[in-house]
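J.: I'd like to ask you about the structure that follows.
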Amino acid sequence: EEERRSAEDSRHALEQAAAAERSAWAAERTALSAQAGREASRAAGLSQELGAAQDELGELRRRLEDLKGERDALEAEKDGLLERLEVEQEEMMARVERLEQQRGPSRR
């Protein structure tokens, strides 16, 4: 009888230990599952932020290309105006020289 009671107490203690272990595992699994959910949610948020940042970067790159085009157009216009100014200055100098020649050498 004593042996049977001792075996039953051991079995009962083992069942309690196993139940406690299962409970601890279940609690850990629940905690890990919650953490995984939070991390997945955070990853989704970061993914959205990355997508928005990539969209913004693409828009900024397009704007940069537009600005480069505008700059190139302005530079071409400036170059054209400078060339025109040079031509007009040469023409003006030629007119001044002709006028000076018409007035004669005594008025210089």
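J.: Let me check the size of the chain from its C-alpha atoms; what are the radius of gyration and Dmax in Å?
T.: Reported Rg and Dmax, both Å: 45.3, 151.
J.: Dipole magnitude of the stretch 47-91 about its Cα centre, charges +1 at Lys/Arg Cβ and -1 at Asp/Glu Cβ only, in debye to the nearest 20?
T.: So the dipole magnitude of the stretch 47-91 works out to roughly 360 debye.
J.: Right, something else. Out of the total accessible area of the chain (probe 1.4 Å, heavy atoms of protein only), what percent is carbon and sulfur?
T.: That share works out to 53 percent.
J.: Next up: With a probe of 1.4 Å, find how much accessible area the chain has per residue, and write the answer as a whole number in Å².
T.: 93 Å²
J.: Can you find, among Ala13, Ser47, Gly80, the residue sitting farthest towards the positive end of the charge dipole of the chain, where Lys and Arg contribute +1 and Asp and Glu -1 at Cβ?
T.: Gly80
J.: Measure nothing fancy, just the Cα-based angle from helix 2-103's long axis to the longest principal axis of the chain, in degrees from 0 to 90, nearest 10.
T.: Once rounded, the angle reads 0 degrees.
J.: Given R₀ = 35 Å, FRET efficiency for Ser41-Ala20 by Cβ-Cβ distance, to 0.05?
T.: About 0.65, to the nearest 0.05.
J.: Could you state the number of Å between the C-alpha centres of the stretch 1-27 and the stretch 61-103?
T.: The distance from the Cα centre of the stretch 61-103 to that of the stretch 1-27 comes to 99 Å.
The values are calculated or read from the model by the stated rules, or taken from the named source; none is laboratory data. Keep in mind it's a predicted model, so treat the numbers as computed, not measured. With ideal geometry, Cβ positions are generated from the backbone for all residues, glycine too; neighbour counts draw on all protein chains shown. Surface areas here come from the heavy atoms of the whole protein model, side chains and all, with no ligands, DNA or RNA. Shrake-Rupley method; radii C 1.70, N 1.55, O 1.52, S 1.80 Å.
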